[in-house]
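The structure appears right after this line, and notes come after that.
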Amino acid sequence: MCRIGCVLAGTLALFSVTAPAQQRDYKDTYTAADAGKAIAPAAALDVMLTQLEVQVIRAAEAMPAEKYGFAPSTANFATGSPAKFDGVRTFAQQATHLISANYYFYSTLGKTKPPVDMQAMSKLSGKEEIVAALKQSFAFAHTQIGTVTNANAFTAIEGADGMHTPATLAAFGVAHGYDHYGQMVEYLRMNGIVPSGSK
């Protein structure tokens, strides 16, 4: 019995990582009737990840392909401005950093190996391939969040960046993502593009 179930579960897990990633959308379905009910840790954490995913993908899609190499420099600021932007990541590098971070944090959470060549992810540069890789990295993250249960959510693991439970590592992956999403938003605005989250 377990043999069939295990094979099926393994096949579904493999499909969710290798199939083309579908962009999710977020709609709050909470109602007053839900008050006081328990929510599964994976479901609660997945909402946070989905909200981040929607904003990041929309930002990545909004930036024109020819602007993926954009990074702020002293030329973007008034003469005499104390702003220091030498050596900051380009828009493409912000996105590829997020791709790598998704695989890093969520593979650590799920105790599994990332299904991609991590070195190759950091070298992506074109808009189309970056957007596709972003979607795939979020699909992987959702799969790994699905492993968080009531029993293991706050059980100590060898985590990352001081986060040593599945729940805190999953939440930190989202918090880290918003840091870089915020930078992507600034890059969009510096190019005259209003982020969708601000419309």
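The values are calculated or read from the model by the stated rules, or taken from the named source; none is laboratory data. If you're wondering where the values come from, they're calculated on a predicted model, not measured in any experiment. Here the Cβ is made from the backbone with ideal geometry for all residues, glycine too, and neighbour counts use every protein chain on show. Ligands, DNA and RNA are excluded from the accessible area calculation, which covers all protein heavy atoms including side chains. Shrake-Rupley method; radii C 1.70, N 1.55, O 1.52, S 1.80 Å.
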* Keeping to segment 38-68, report how many residues are more than 22 Å from Ala170 (Cα to Cα), part of a loop (DSSP other than H, G, I, E, B) and open to solvent by 60 Å² or more (accessible area, probe 1.4 Å). => 0
* To do: Taking the residues in segment 90-112 that are closer than 20 Å to Phe140 by Cβ and in a loop (DSSP other than H, G, I, E, B) as candidates, determine which candidate is most open to solvent (accessible area, probe 1.4 Å).
  => Lys111
* Asked: Just one of Ala170, Ala153 is part of a loop (DSSP other than H, G, I, E, B), under 18 Å from Asp46 (Cβ atoms) and open to solvent by less than 70 Å² (accessible area, probe 1.4 Å); which is it?
  -> Ala153
* To do: Mind counting the residues in segment 59-77 that are among the aromatic types (Phe, Trp, Tyr) and modelled with pLDDT under 95?
  => 1
* To do: Could you give me the residue pairs with C-beta distances under 7 Å whose first residue belongs to segment 104-124 and is modelled with pLDDT under 95, whose second residue is aliphatic (A, V, I, L, M) and loosely packed, with under 11 Cβ neighbours inside 10 Å wherever it lies, and which are 6+ apart or on separate chains?
  => none
* Please tell me if Thr147 is touching a residue at least 60 places away in the same chain (Cβ under 8 Å) and either over 21 Å from Val47 (Cα atoms) or not in a helix (DSSP H, G or I) (or both). => yes
* Asked: Which one of these is open to solvent by 10 Å² or more (accessible area, probe 1.4 Å) and at positive phi: Gly146, Gly87, Gly126?
  -> Gly87
